[in-house]
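Below is one structure, written out as structure tokens; the observations come after it.
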Amino acid sequence: MTRLYLFAGIAGTLLPFAAFGEWITHHGFSPIQMMTAIWQQPLALFAWLDVIITALVLVIFADIEARRTGMSRRWIAPIATCCIGPSLGLPLFLYLRDQHLTSKQSLTIEPSTQN
């Protein structure tokens with residue numbers, strides 16, 4: 001399962017940036033023009049609002065779940081979410097959570113006693 005999370009995180013980084021790179025190639029890096037385009041196109045606004053709400057929920061969920069399970073480095077997924085987006089933040093969080101729970105489980109397995 002961890003490979004799936006890693007693959008999803010890589011795809012979740014590369015695919016959105018490929019589309020963003022194409023937009024920058026055509027329009028240049030202009031935050032004002034980008035915001036204008038978003039606000040003028042209802043479908044773009046819908047998508048951005050969806051991403052923003054998803055990112056907020058993910059950051060809150062990741063913090064609560066990381067505290068509940070005792071994960072260290074719980075700041076990584078929220079930073080990835082803010083820098084790249086939920087398409088990286090969620091798979092990265094799931095990967096780190098899976099790794100944490102697997103290591104925690106392997107520590108709690110008691111070795112068999114010899115008689």
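The values are calculated or read from the model by the stated rules, or taken from the named source; none is laboratory data. Just so we're clear, the structure is a prediction, and the values are computed from it rather than from any experiment. All Cβ positions, glycine included, derive from the backbone under ideal geometry; neighbour counts span all protein chains shown.
A few notes on this one:
- Test: residue 30 is modelled with pLDDT under 95 and either farther than 23 Å from residue 103 by Cα or surrounded by 11 or more Cβ atoms within 10 Å (Cβ to Cβ) (or both): yes
- Residue identified as surrounded by 12 or more Cβ atoms within 10 Å (Cβ to Cβ), among the polar types (S, T, N, Q) and farther than 30 Å from residue 36 by Cβ among 108, 54, 69, 81: 69
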